[in-house]
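Worksheet for the structure shown next.
The values are calculated or read from the model by the stated rules, or taken from the named source; none is laboratory data. From a predicted model like this one, the values you see are computed outputs, not experimental measurements. Cβ placement follows ideal geometry from the backbone for every residue including glycine, while neighbour counts extend to all protein chains displayed.
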Amino acid sequence: MNFLDKRVVLVVGKGGVGRSTVAASIALQNARAGKRTLLYQTNATDRFGTYFGKPTLGIRSTELAPNLWGVNTNPAAALEEYGLMILRFKSVYEMVFENRVTKAFIRAIPGLDDYAMLGKMWFHTTEEKRGKPVWDTIVFDMPASGHAYSMLRVPWVITDTVPDGPLTRDAHTLKGLLSDPKRTATVIVTLAEEMPVNEAIELEAKLEGLGIVPSHYVANQIYPQHFPVGTPVAKVLDTLVDAGPLPSPLAEVVSHAHLARDRRLLNERYLSELRRKTERPIAELPILFTSNMTSTHIGTLADRLTRA
C-alpha cells in the first residue's frame, strides 16, 4: 500500500483508532521514498513532535525527518493564510479581516473555521518554489469521523448555497481535488471491533455520497496469532486454562495468553465483517505493546504498510 503518486492523502476514522499513528506511518513511507511530505493536522493535541523527538508542532512547518515536515494549524492561522492567498497583501488582509466588525461577522458564519483549515491544506498543494511544488504529498490527519465529514462537506454546501464568486470558485476547486482519485486518496482507519467497524462502514457511505471514494481501509492494532486453532500450543493453552487454579507466575502467563487469543479471535471476527461489507482493500497493522510511540515504531508500521 503506497500513495507515492498522490497529492493528498486523507486519513479519517473514529476517535481512538490510531489515526495519527497511521497518518505518520503513511507520511514516513512517502518521505523514505524521496517524496517531500507534509504531515498536516488541525487544532489537534500534537503527537507528531513526540513521535519524532521534536518540539510540539505549531502553525509553522517543522522538519520531523528527512523529507518529512509537520504542521498543526488552527482556525485563526488558517483563515489568515487563506485571506492572504486571496487578497495578496497583508495590509489589505488586515484592513478587511482584522477590524472588529468583520471579525465578529466572520465568527458567526457556520463552518468557516473548518473551511479555512481545509483551504489551508489545499493551499499547501499549490505552494511552489522556483517553479516547482514545495510538497509532493500532503498527509492530512483529519479530526474524528463526524467532524471530518462535516469539514469535507463544507465545499459542497458552499457551491450549493453561495452565489458565484471567489468563495464558490475555490470551493469548486477543492471539490475537484477531494473527489479526484488520481490526486487524492482517502484512508479509513478502524479497529477490528464492533463499534469502530460499524462507524467506518457508515463513514464510507457518507463520503461516497459526496463523491469521495475511499481507496483503502487500515485495520489497526491487530493482535498477533500466537495460538492458531488446532496447533500444539493452542492445545497446551486449553489444557492449562481447564486445569483450575495455577501457581504464580504461571497463572498470570496463562491469563495473558488466554486474553491475547480472545482478542485475536475478536479481531478475526470483525475483519471478516469488514471484508463482507466493503469492497475496499484492507491493510492490517499489528498492535505495538508500547506506551511511548517513537519514530522507530512509526518506521515499523511504515514498513508493514509498504508490504501490505
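A few comments on the model shown:
- Test: residue 156 is within 21 Å of residue 78 (Cα to Cα), surrounded by fewer than 20 Cβ atoms within 10 Å (Cβ to Cβ) and either of a type in the set (Phe, Trp, Tyr) or under 15 Å from the mean Cα position of the chain (by Cα) (or both): yes
- Any hit, segment 136-146, residues being touching a residue at least 60 places away in the same chain (Cβ under 8 Å), within 23 Å of residue 26 (Cβ to Cβ) and more than 17 Å from the chain's Cα centre (by Cα): yes
- Condition check for residue 140: of a type in the set (Phe, Trp, Tyr) and crowded, with 20+ Cβ neighbours inside 10 Å: yes
- Subset of segment 88-125 that is of a type in the set (Val, Ile, Thr) and at pLDDT below 90 - its residue that is nearest to residue 66 (Cα to Cα): 92
- The residues of segment 108-135 that are outside any helix (DSSP H, G or I) and surrounded by 19 or more Cβ atoms within 10 Å (Cβ to Cβ) amount to a single one, 135.
- Residue that is modelled with the lowest pLDDT [pool: residues in segment 282-296 that are closer than 15 Å to residue 49 by Cβ and out of contact with any Phe, Trp or Tyr (no Cβ under 6 Å at 6 or more places or on another chain)]: 292
- Where a residue in segment 11-34 is aliphatic (A, V, I, L, M) and surrounded by fewer than 24 Cβ atoms within 10 Å (Cβ to Cβ) and its partner, wherever it lies, is at pLDDT 95 or above and assigned to a loop (DSSP other than H, G, I, E, B), with Cβ under 8 Å and at least six apart: 31/66; 31/67
- Scan of segment 11-46 for residues that are charged (D, E, K, R) and under 24 Å from residue 126 (Cβ atoms), ordered by number: 35, 36
- Residues of segment 187-224 classified as hydroxyl-bearing (Ser, Thr, Tyr) and more than 28 Å from residue 176 (Cα to Cα), total: 1
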